[in-house]
Amino acid sequence: MSAPDNNQADNIIEARGLTKRFHGFAAVSEVDLDVRRHAIHALIGPNGAGKTTFFNLITKVLQPTEGTIRFNGRDITAESPAAVARRGIVRSFQISAIFPRMTVAENVRIALQRPVGTSFHFWRPESSLDTLNGRVDELLDAVGLLSLRDQTAAGLPYGRKRALELATTLALEPELLLLDEPTSGLGGEDVDRIADLIRKVSANRTILMVEHNLSVVSKLANTITVLARGKVLAEGTYAQISTDQRVIEAYIGGEE
């Protein structure tokens, strides 16, 4: 297991003693975690390990029972979900979250309206948003959907819907992107496509991902943290954690 990185300038997230109890049960217990800037950091573990709870603590959907969270050196432990989102922490969810009756391009354009401050300009004509079209096309091109820009989102195959969700997430200009099971429910070809997209969009940003597919983790992650029963079990590269007997034992009975 690798030692924690003490160089704070290199860490975008620093969690110390992070704990969340529900009626006495500790879903996350005294977790210390450093996420290095511009890295892909994977969080893995068996069912009930506390991965989703940890994500909810970082995005402030849940408040910790104990411990602290620092983002870019600032203590965000007591901040609201909206406040941490404004700081540049953006999360995607396991279930695809898009507007099915809108076109692919319209989905991205709606996401772009938030950073430029036009989200609530309902009285303006649609043509007033044409200035966003160039960025829309850039984002769609980045995830391989430019040729489908005018198609209704509901008609996309599931793997392409996940790519569209990634584009809408990137439209929010995240500094830290949290991906929750990005390849969940995908077939082999789509898994490879989404993994390639994650690697591509990781340039100049940090990604913290929960992922059950260890093949994807091994290809993408610079650092892997293994949770079991709410605690950090092991941390290191894939080569290190894949031969750790504690990790092997934790996965007996199936992966999440």
Going through segment 177-207 in order, the residues found to be crowded, with 22+ Cβ neighbours inside 10 Å and in contact with a Gly (Cβ under 6 Å, 6 or more places away or on another chain) are none
Checking THR237, THR206, THR183 in turn, the sole residue that is touching a strand residue (DSSP E or B) at 6+ places or on another chain (Cβ under 6 Å) and polar (S, T, N, Q) turns out to be THR206
- Message: Whether any residue in segment 42-55 is of a type in the set (A, V, I, L, M, F, W, C), at pLDDT 95 or above and farther than 27 Å from LYS200 by Cβ is what I want to check.
- Response: no
Counted residues in segment 208-219 being more than 13 Å from the chain's Cα centre (by Cα) and buried (at least 16 other Cβ atoms within 10 Å of the Cβ) come to 5
Scanning segment 228-251 for residues that are in contact with an Asp or Glu (Cβ under 9 Å, 6 or more places away or on another chain) and β-branched (Val, Ile, Thr), the one farthest from THR19 (Cα to Cα) turns out to be ILE241
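For LEU179, state whether it is at pLDDT below 90 and closer than 26 Å to ARG86 by Cβ.
Here the answer is no, as LEU179 does not meet what is asked.
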Scanning segment 21-78 for residues that are of a type in the set (Phe, Trp, Tyr) and surrounded by 17 or more Cβ atoms within 10 Å (Cβ to Cβ), the one farthest from GLN240 (Cα to Cα) turns out to be PHE71
In segment 138-161, anything part of a helix (DSSP H, G or I) and touching a helix residue (DSSP H, G or I) at 6+ places or on another chain (Cβ under 6 Å) is listed as LEU139, LEU140, LEU146, LEU148, ALA153, GLY159
Within segment 221-235, residues surrounded by fewer than 18 Cβ atoms within 10 Å (Cβ to Cβ) and more than 19 Å from the chain's Cα centre (by Cα) come out as ARG229, LYS231
Considering residues that are farther than 29 Å from THR65 by Cβ and either assigned to a loop (DSSP other than H, G, I, E, B) or assigned by TED's automatic domain parsing to the domain that holds GLY50 (or both), the number found within segment 194-246 is 19
Over segment 33-61, the set of residues under 18 Å from VAL90 (Cβ atoms), of a type in the set (Gly, Ala, Ser) and assigned to a loop (DSSP other than H, G, I, E, B) is ALA39
message = Take the conditions part of a strand (DSSP E or B) and not assigned by TED's automatic domain parsing to the domain that holds GLU165 and apply them to ALA82. Does it pass?
response = no
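The values are calculated or read from the model by the stated rules, or taken from the named source; none is laboratory data. Because the structure is a prediction, the values reported are computed rather than measured. Glycine also receives a Cβ, built like all others from the backbone with ideal geometry; neighbour counts cover every protein chain displayed.
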